[in-house]
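Worksheet: the structure to be examined is printed underneath.
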Amino acid sequence: MNIEIIKTNAPKEKPDSANLGFGKIFTDHMFIMDYSREEGWKNARIVPFGRIELHPASTVLHYGSEIFEGLKAYRRADGEVQLFRPIENIRRMNNSADRLCLPQIDEDMAMEILTTFVECEKDWTPSAEGTSLYLRPFMFGNDETLGVHAVHNATFMIIASPVGSYYKEGINPVKIMIEADDVRAVRGGTGYAKCGGNYAASNRAGERAEQKGYSQVLWLDGVERKYIEEVGAMNVMFKINGEIVTPALSGSILPGITRKSCIEVLKSEGYTVSERLLSIEELEKAMEDGSLEEAWGCGTAAVVSPIGELAYKDKIFTVNGGKIGEVTQHLYDTLTGIQWGKIEDKFGWTQLVK
Ligand code: PLP
Ligand code: COI
């Protein structure tokens with residue numbers, strides 16, 4: 001495909017990789033392409049990073065037609081840059097697009113766009129321990145009319161941000177609050193899609209949790225408010241009495257690529273991983289009788305993040321004495337080892353950027 005590249009004539013200074021935080025600094029360029037039902041995808045271009053103009057009636061501003069992805073480019077010790085399972089993000093993006101009635105992007109075309117863009121911004125991939133170049137592909141409906149319908153016009157973009165750890169705690173255990181009132185998603189809804197609306201609906205509970213000193217909310221299912229689903233920006237896993245348990249993909253939680261990778265790593269090493277229903281009663285009991293050995297979240301931004309404290313209603317439970325557990329540490333070391341090229345990628349998950 002033809003991707004026009006217009007380079008900036010005012011390249012920015014690269015940031016100090018010791019204090020990156022998450023998603024605050026952006027690279028010099030962005031990818032953008034337009035879609036219309038009549039013509040399909042067109043005008044693929046990489047242009048200097050900057051503001052975009054939208055019609056005030058644009059669909060995304062009123063009806064939330066928006067989906068996004070998150071993946072990272074990692075700087076290896078030998079200086080090369082690599083992506084982690086990018087095809088999985090492209091496939092999930094098309095699944096999200098299908099749910100939101102946004103257009104599909106051919107997988108090969110999406111991969112070409114992604115790799116061309118990363119090649120262009122590669123120098124922005126930081127090299128300090130624990131840092132990476134976070135890539136944020138996103139798509140939104142762009143019809144200039146107030147009627148509610150599947151979109152006829154859309155925009156697809158990719159922006160990139162050099163990042164450090166998502167949580168201020170880094171690899172140290174985070175505190176998570178189990179939400180008893182608000183729900184995030186229901187089966188048949190958009191929970192399995194990575195769409196902006198899911199996050200907008202999460203903000204109230206997230207804000208309440210933050211005010212009480214918690215990093216994020218752990219959601220219960222939207223029908224019975226009984227079964228554990230996922231955390232605000234990561235999937236969740238527990239080790240209970242030796243069994244590794246993670247909520248099954250029921251349609252209301254995001255099918256995380258880190259979740260899938262953790263399961264594949266664990267299974268390849270002979271662990272049994274149960275993808276099943278896990279009720280809050282079962283978890284509460286395990287926290288009370290001490291059989292909850294470890295809890296952790298997993299996601300692209302969050303990596304593998306130990307959970308040191310869980311609060312539910314008026315009860316507060318400490319997990320594993322507030323310390324990182326053995327399986328959590330092992331998963332962190334294995335995944336980050338593969339991502340940063342420190343250990344052999346026997347799964348074939350990484351893809352070198354030219
Ligand atoms: N669940 C939610 C709600 C998320 O936002 C994310 C982050 O992308 C995840 C789970 C983890 O998904 P992944 O591992 O693909 O990043
Ligand atoms: C990711 O991990 O890529 C995410 O999208 C999480 C988030 C920052 C919403």
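Descriptive notes on the structure:
- Computed over the chain: relative contact order in percent, which uses C-alpha pairs under 8 Å that are six or more apart: 18
- Among beta bridges identified by DSSP and lying wholly in region 163-263, the antiparallel ones come to about 65 percent.
- Estimated dipole of region 127-255 in Debye, rounded to 20 [Cβ of Lys and Arg +1, of Asp and Glu -1, Cα centre]: 160
- Residue-span extension gain [Q104 to A248] - 0.36 nm each, minus C-alpha spacing: 49.2 nm
- M287, M109 arranged by Cβ crowding within 10 Å, fewest neighbours leading: M109, M287
- Dividing the mean sequence gap of close Cα pairs (under 8 Å, 6+ apart) by how many residues region 60-127 holds gives a relative contact order of 34 percent.
- Region 4-163 - charge dipole about Cα centre, Lys and Arg +1 at Cβ, Asp and Glu -1, debye rounded to 20: 400
- Loop-resident sites, region 199-243, for GluC sites (Glu not before Pro), counting at most 16 other Cβ within 10 Å (DSSP): E224
- 0 to 90° range, to nearest 10: angle between helix 280-289 axis and the chain longest Cα axis: 50
- Computed on region 199-269, with alpha-carbon pairs under 8 angstrom and 6+ residues apart, the relative contact order is 19 percent.
- Over the residues of the chain, the helix contribution to mean residue ellipticity at 222 nm works out to -7000 deg cm²/dmol, using -39500 (n - 2.57) for each DSSP H run of at least 4.
- Proximal charge balance of Y35 [Cβ under 13 Å; K/R count +1, D/E count -1]: -3
- Take every DSSP beta bridge whose two residues both sit in region 174-339; close to 65 percent of them are antiparallel.
- When each of R184, R75, R276, R91 is scored by the number of other beta-carbon atoms lying within 10 Å, the sequence from fewest to most is R276, R91, R75, R184.
- Ranking of F22, F238 by count of other Cβ atoms within 10 Å, fewest first: F22, F238
None of the figures in this text is laboratory data; all of them are computed from the coordinates on show. From a predicted model like this one, the values you see are computed outputs, not experimental measurements. Glycine gets a Cβ as well: all are built from the backbone with ideal geometry, and neighbour counts include every protein chain shown.
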